[in-house]
Structures are given as structure tokens and as C-alpha cells.
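Here's the structure we're looking at; comments come further down.
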Amino acid sequence: MLSIDTPPTQGAATGWDVPMEGAEDEVARGLIAQMTLAEKVEMMSGRGFFTQLAEDNRVWGARPYRAGSGNARLGVPPLLFTDGPRGVNREGSTCFPCSMARGATFDADLERRIGEVIGIEARARGCTFTGAVCINLLRHPAWGRAQETYGEDSWHLGVMGAALGAGIQAHNVIGTVKHFAVNSMENARFKVDVRIDERTLHEVYLPHFRYCLDAGVASVMGAYNKVNGEYCGHHHELLTDILRGEWGFDGFTHSDWVRGVREVRGAAAGLDIENPEPLVFGEALVAAVENGEIAEAVVDEACLRILRIQIRFARRTDPLPVYDERLVASERHIALAREAATKAAVLLENDGVLPLAAGKLGKLAVLGRLAALPNVGDNGSSRVKPPYVVTPLIGLQRALGEDRVLHADESDLVAVAAVAGQADACVVVVGYTAEEEGEYIIGDIALGADKDASPKGVGPRTSISDRPIGGDRASLGLPEEQVALIRAAAASGKPVIVVIVAGSAVMVEEWREAANAIVLGFYSGMEGGVALADLLLGQANFSGRLPFTVARDAGDYPFFDADADSIEYGYWHGYAKFDREAIEPRYPFGHGLSYTRYAQSQLRAWREGDEIVASIQVANTGDVAGEQVVQCYIGPPGVAAERPLSTLRAFTRVALAAGEAKVVELRVPLETLRWRDPTHHDWKLELGAYKVFVGASSRDLASVEVIVA
């Protein structure tokens with residue numbers, strides 16, 4: 001992304017003068033042979049976290065954390081950790097839109113470029129290891145950390161997560177995928193036992209993890225929850241049988257922060273590193289080896305996996321000669337954050353009121369507390385503290401001039417009526433903040449998230465340590481006062497554009513008839529207000545598409561219990577459930593409008609070797625340029641086992657000038673169409689007629705048949 005003026009360096013990613021000769025495992029085993037048992041066990045946990053947190057006034061992410069590895073005597077550096085995925089968890093970092101927003105771009109190239117920036121800024125902050133790649137599946141929109149993942153579809157999750165991981169690791173920062181596995185609820189994450197059958201586990205909740213690991217992401221973070229009665233940190237089937245045995249993963253695993261492993265036997269199950277401190281491993285693991293409870297070979301293998309990855313990365317050439325603070329939140333990085341926010345916003349409805357004509361617009365009412373609030377996402381481990389945040393209000397004031405933009409909020413509906421009455425149109429910003437949804441953090445697990453280090457210029461620090469932070473959402477609708485705000489704006493008789501700030505689906509049934517246009521803006525990052533103004537005023541075109549299904553009735557989603565001790569995760573969720581049950585969603589997966597029109601024709605599909613290939617012509621039949629997201633779904637025969645009527649297996653963005661047409665080709669490997677046979681515990685490709693669907697959403701598709709024999 002940046003020009004290189006001097007020759008790149010080797011080994012700079014870890015600061016390790018690693019031997020450049022000899023196989024990775026050979027070098028690693030040579031180091032392990034020189035270590036005492038205590039030194040090897042020390043490699044298997046983080047160190048100094050709580051002391052460092054206290055020294056940093058309990059500000060999470062103030063410095064890199066030692067998250068495993070390290071041996072000063074032998075010159076082995078520790079893994080130095082930062083979190084994500086909105087950017088590097090440090091003061092002044094570039095803050096991108098949340099992952100769910102970036103999922104709405106359906107743009108893997110953009111996500112890789114974002115990964116590169118995160119890698120660059122991590123290196124500039126002295127970090128060599130990041131937890132930025134969150135790919136847990138969105139089973140239900142109430143999940144508090146929905147904003148940290150990309151959506152409800154496993155294929156989409158894998159493609160986007162792999163792109164982010166590839167970008168991060170291009171700058172020799174070790175990436176990790178999280179949280180392994182079946183982690184899709186927040187409040188009960190430390191206790192819940194998720195019950196799941198083999199097909200559902202392997203076909204729905206694991207494929208995106210394997211996709212990312214096959215693409216080269218080098219480590220895996222475990223989840224807090226139980227799966228079928230066993231904590232993920234002790235889960236031999238997940239950590240060893242599946243991860244290392246079936247998938248052939250050769251990287252390392254590590255726990256989530258505090259309570260990620262409960263017993264020393266987690267090491268024998270395949271957990272390599274306990275973070276952030278040796279609360280369970282440490283001396284207890286040394287003792288377990290000495291008394292024969294755990295074989296020393298278990299410790300040796302864990303150290304081998306850790307060192308193998310460190311050696312691999314240390315031997316790579318750095319793309320840039322220097323990684324320093326001047327690269328953090330640079331102009332190029334900020335421009336990328338703005339591009340992401342622009343591509344992410346989804347135009348859900350529009351009766352023609354948008355785009356607003358700036359030249360004909362007198363005054364614009366921008367309504368709602370959230371319009372003026374810097375609101376980039378939750379306050380958990382994914383928190384980023386950018387140098388500034390452009391709010392919707394500021395973005396529109398910059399675009400139109402402060403004298404043309406009026407503001408009032410839901411605390412005073414009389415003022416709202418007065419402001420709306422003076423304006424030619426109303427933009428109403430509604431939705432949530434970190435108080436309503438996000439990582440659930442309270443009490444002794446707050447780890448500094450109870451200190452709100454606000455970005456410069458947006459207000460004083462406040463302490464919220466007396467109440468929980470985030471958690472699963474209590475409602476899928478808007479707060480009553482925001483619904484009243486929308487209705488008050490509509491009562492003015494002026495056009496109403498509703499902009500929703502949220503991490504996943506929001507029910508619109510209660511108020512949608514009062515709106516002329518509805519935009520899902522997500523948590524749009526530090527440049528979100530600029531992007532929103534460009535979109536509303538027609539300086540940019542909407543191209544975001546929903547990475548989840550929005551229901552008409554909350555009961556159409558799978559059962560959700562935020563305080564469950566045990567819960568069953570079934571095979572059906574998202575658009576597959578809506579299709580199977582013939583439920584009409586309010587907005588289907590993949591939906592999104594534009595300021596132009598697209599037509600698709602000449603769909604063809606055929607088998608070519610080990611792939612199904614689909615070809616379709618996409619035309620821009622409108623009068624402005626735009627980008628269409630072309631989606632390819634496959635419907636298997638479904639005779640050997642019931643399968644979804646269609647599942648996403650390829651997608652791409654295509655840019656088209658007004659009147660332009662292009663032929664788009666999408667390829668689907670046959671191996672991605674297999675189903676898991678629970679009798680033989682293997683994968684089978686069903687022969688027969690496959691339907692190939694290509695279109696603009698999961699409910700706007702043309703289809704042809706391809707025979708797989």
C-alpha cells in the first residue's frame with residue numbers, strides 16, 4: 001500500500017534474529033531441547049498482563065500484551081498481542097467500520113486492504129500478534145457481538161475473514177481466528193453449553209474456520225462456552241481431532257482472556273497458550289507433568305507449534321522498510337476507512353426522496369441524539385480509539401454548511417417539530433450504542449473496558465464501572481423514544497430519511513410507513529459521517545448489501561435465550577430457515593438498493609472439472625454509475641440428506657458505468673457442496689441435478705440446472 005524507498009528487512013516482524021537455515025520444525029526442536037520444563041511451560045501462557053493493566057490505569061490495549069512464547073535466555077521473543085477487528089486497539093489508530101458493516105460490502109479485496117492497514121498499524125505499535133479476525137456465525141441478531149463478525153452465512157464469513165487475515169499477515173503479524181467454536185451469544189458465554197449435532201457443527205458452524213485456516217491464518221483463539229458438555233478450552237474433539245487431525249492445521253491455539261481454560265487438562269486437549277496469565281497452566285502444568293498426569297510430549301508439541309509459526313513469520317521479508325507511528329491513521333488509511341463506510345451502507349428502502357439535491361435543498365433537519373454522538377461500536381476488546389470521529393451531524397454540516405443544517409433530538413419533541421418545520425427534509429439517526437449491544441463486560445472481567453477513553457474533542461472521560469457494558473440486545477426494535485422521534489419528524493409533512501446505527505438486524509415494522517427512505521449505516525467508523533453525507537447527497541452511490549436477513553416478526557428467528565445454561569443450536573437459521581419455512585422476510589439476505597438500476601440476463605452454468613461455473617451478463621440500465629453485488633447460490637439435490645434450498649457459494653462486485661454491461665463468471669468448487677455423513681463421520685458429494693441461482697439477493701435470483709454425475 002505504501003511505497004518502499006529502502007530495501008525491506010527480514011526478521012523484523014518479531015525482532016528475532018532467527019536462523020535462516022534449517023526446516024522450521026528442526027530449528028524449533030533445537031530450541032526446545034535447550035529449555036527446562038519450567039521454561040517450556042512458561043512459553044504456554046501470557047505474562048504480566050494484570051500488572052501492566054494496573055500500571056496503565058486499567059485502560060485495555062494501552063500497550064502490547066505478552067500473549068505467550070518468549071525465552072530471554074535463548075533470544076526467543078514473546079508474542080505481542082493487540083485486539084481488533086475495527087483496527088488496532090490503541091489510542092489514535094485508524095477506526096474502520098465494524099466487521100458487520102464490512103460484511104455488507106461483499107468486497108474481499110477491500111477487506112484484504114483493510115487487513116493490510118491493521119497489520120501496518122499493529123507493527124507500528126510494536127505488536128506481532130492480533131485477534132482481529134472474528135468469524136463467529138450470526139445465528140440470531142440479538143447477539144451482542146454481532147457487529148464483530150461479518151454475517152449469517154458461512155461461506156461469506158470464510159471469504160471475508162480469510163481476506164482480512166491475509167492482509168494482516170502480509171505484514172508479518174500473526175493473525176488468529178476467533179472464537180472457536182459455536183460462539184453466538186454473549187451474556188451467558190462463560191457458562192452456556194451449546195448442544196449441537198455433527199451435521200450442524202460441520203456444515204454450518206465450522207466451515208468458515210477451516211476456510212480461513214486453509215487460506216493461511218496461523219492461529220486459533222478458543223471460545224468461552226461449552227460444546228456438547230465440554231468447555232472449548234478443554235475440547236479434544238475441536239482442538240485436536242478436528243483442527244489438527246481432520247483439517248491438518250499446523251499453527252497454534254490459545255485461550256480467550258481470563259476463564260478461557262478452566263483445568264490444566266486443557267493442554268492435553270490441544271490448547272497451546274493460556275491467556276492472559278498462567279492462572280491454570282504455569283506451576284500447575286509443571287506439577288502435572290512431573291507427576292505423570294500429563295506427558296511432557298504434550299508440552300513439547302505445544303512449544304513446537306508456537307515456535308513453528310514464529311520462525312515462519314520471522315523468516316519472511318517485510319513489505320515495508322520501517323513501521324513507525326507516522327503510518328498510523330495516515331491519509332491513505334483514513335481514505336480506506338471512508339471507502340469502507342461508503343461501500344458498507346445499505347439502502348433498504350427509497351421512494352425517490354434520495355438522493356437529496358444539495359442545490360435545491362434549503363435547510364436539512366438532522367435529528368436524534370445519535371446524529372451528534374461519536375459512536376463507532378462496542379467498548380469491549382474490539383474498541384478502537386481514533387484521533388477523531390466524524391458524526392452524521394458533522395458530516396452533513398461540512399457538506400451543506402452549518403447554517404443549513406438544524407439539529408434536535410428525542411429529548412425534546414417540541415424542538416424536533418420546530419426544526420422539522422423549518423427544513424425541506426429530515427434525516428433521523430436512530431439505533432444503538434455500546435450500552436445496548438456489544439461485548440458483555442462487568443466486574444472483575446472488565447479488564448479496563450470500564451474506562452472510556454474518549455477520542456479527542458468528543459467529551460470527557462466517564463466511568464461506567466457500576467453497570468455492565470454491552471451484552472446481548474434486549475430488543476430487536478428501536479427504543480420507544482426513537483420511534484416517537486421518527487413519527488414526530490413524519491408529522492411535519494417533510495420527507496423523512498431514517499438512518500439506522502446498529503450491529504445487525506433491526507425490526508422496522510413499527511415505524512417504516514413513516515419513512516420515505518431507510519438506510520442501514522451500521523457503526524461506520526471514524527469517517528462514517530463523511531460517507532453518509534456523500535451517499536445522501538448523491539456524491540456516491542449505495543452499493544452495500546445485507547449480510548443477514550431482516551424479519552417481519554422477531555419470532556421468525558431461531559430461539560434465543562441470553563441467560564441460557566444450555567441451548568440447542570439447530571441446522572436452520574438465517575435465509576436457509578426462511579426459505580425452508582416459506583417465510584417472507586422484510587429484507588432478504590443480500591438485499592440493497594441503489595441510485596441506478598441493474599438487469600441480469602443470459603445466465604448459463606456448466607461443470608468444468610471439479611467446479612461448477614456460472615456466467616451471467618450484468619447491465620447498468622440507469623443513468624448513474626454503480627456497483628452491483630452478484631451472488632451465486634447452489635441448491636443441491638437434497639435427496640441423501642435434507643439441505644438448504646440454496647446456499648451462497650460465490651459472490652463478486654462489478655462496477656458499471658451508466659449503460660454499461662459486463663459478463664461475470666463465478667466458480668464454485670464441488671468440494672464446497674459436500675454434506676457431512678454422521679454415520680461414517682466423513683463428507684459426501686451427492687450426485688444429481690444441482691440448481692445454480694445467480695442474482696441480487698437470496699430472493700432475487702434466476703436459475704439453471706447442472707448435472708453432477
Normalise the Cα radius of gyration of region 596-708 by 2.2 N^0.38 Å (N = residues in it) and let me know the number.
1.18
Rounded to whole Å and sorted largest first, what semi-axes of the equivalent ellipsoid does the C-alpha gyration tensor of region 152-307 yield via the square root of 5 times each eigenvalue?
25, 19, 14
Taking the alpha-carbon set of the chain, what are its Rg and Dmax in Å?
25.2, 81
GluC sites (Glu not before Pro) lying in DSSP loop within region 576-626, provided at most 11 other Cβ fall within 10 Å
Glu581
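Can you give the charge dipole size of region 596-708 about its Cα centre, rounded to the nearest 20 debye, using +1 on the beta carbon of Lys and Arg and -1 on the beta carbon of Asp and Glu? Write down the numbers at each step before the final one.
Working: 13 positive and 14 negative charges, 30 e Å.
With only Lys, Arg, Asp and Glu charged at Cβ, the dipole is about 140 debye.
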For region 1-157, place one equal point scatterer on every Cα, skip the solvent, and apply the Debye formula. What is log10 of I(q)/I(0) at q = 0.11, 0.16 Å⁻¹?
-0.60, -1.07
When the label point is put 7 Å from the Cα of Thr51 along its Cα-to-beta-carbon vector, which residues of region 272-296 have a backbone N closer than 19 Å?
274-284
Reachable lysines from Lys226, criterion Cα separation under 18 angstrom, eight or more residues apart if same chain:
Lys178, Lys191
Under a straight-distance cross-link criterion of Cα-Cα below 12 Å, which aspartates and glutamates are reachable from Lys40, leaving out those fewer than 8 residues away in the same chain?
Asp272, Glu283, Glu296, Asp300, Glu301
Per-residue ellipticity at 222 nm for the chain, helices alone: DSSP H runs ≥ 4 residues times -39500 (n - 2.57), over residue total, nearest 500 deg cm²/dmol?
-6500 deg cm²/dmol
Proximal lysines relative to Lys494, as straight alpha-carbon distance under 18 Å, when same-chain residues fewer than 8 apart are discounted:
Lys360, Lys363
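Can you list the equivalent-ellipsoid semi-axes of region 24-325, largest first and in whole Å, using the square root of 5 times each Cα gyration tensor eigenvalue?
Those come to 27, 24, 18 Å.
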Part-to-part distance (alpha-carbon centres) for region 660-695 and region 80-112, which is given in Å:
30 Å
Sort 252-259, 654-661 by packing, meaning the average of other beta carbons within 10 Å per residue, with the highest value first.
252-259, 654-661
Output the antiparallel fraction of DSSP beta bridges having both residues in the chain, as a percent to the nearest 5.
60 percent
Which of Val706, Val18, Val416 comes first, and how do the rest follow, when ranked by fewest Cβ neighbours within 10 Å?
Val706, Val18, Val416
Out of Ile114, Val204, Thr36 - ranked by how far each Cα lies towards the positive end of the dipole of region 24-325, with unit charges on the beta-carbon of charged residues - the top one is Ile114
Given H placed on each backbone N at 1.01 Å, which residues far from Glu568 in sequence or on other chains put an amide H within less than 5 Å of it?
Arg195
Rg to Rh, two decimals, where region 342-549 supplies the alpha carbon set and Rh follows Kirkwood
0.96
Angstrom value of the Kirkwood radius, inverse mean 1/r, which spans all Cα pairs in region 507-660:
18.6 Å
Gyration tensor on Cα atoms of region 579-642, a ≥ b ≥ c root eigenvalues, a/c under 1.5 rounded, else prolate if a/b beats b/c, else oblate, says oblate
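None of the figures in this text is laboratory data; all of them are computed from the coordinates on show. Since the structure is predicted, the reported quantities are computational estimates derived from the model, not experimental observations. Cβ atoms come from the backbone with ideal geometry, glycine included; neighbour counts cover every protein chain shown.
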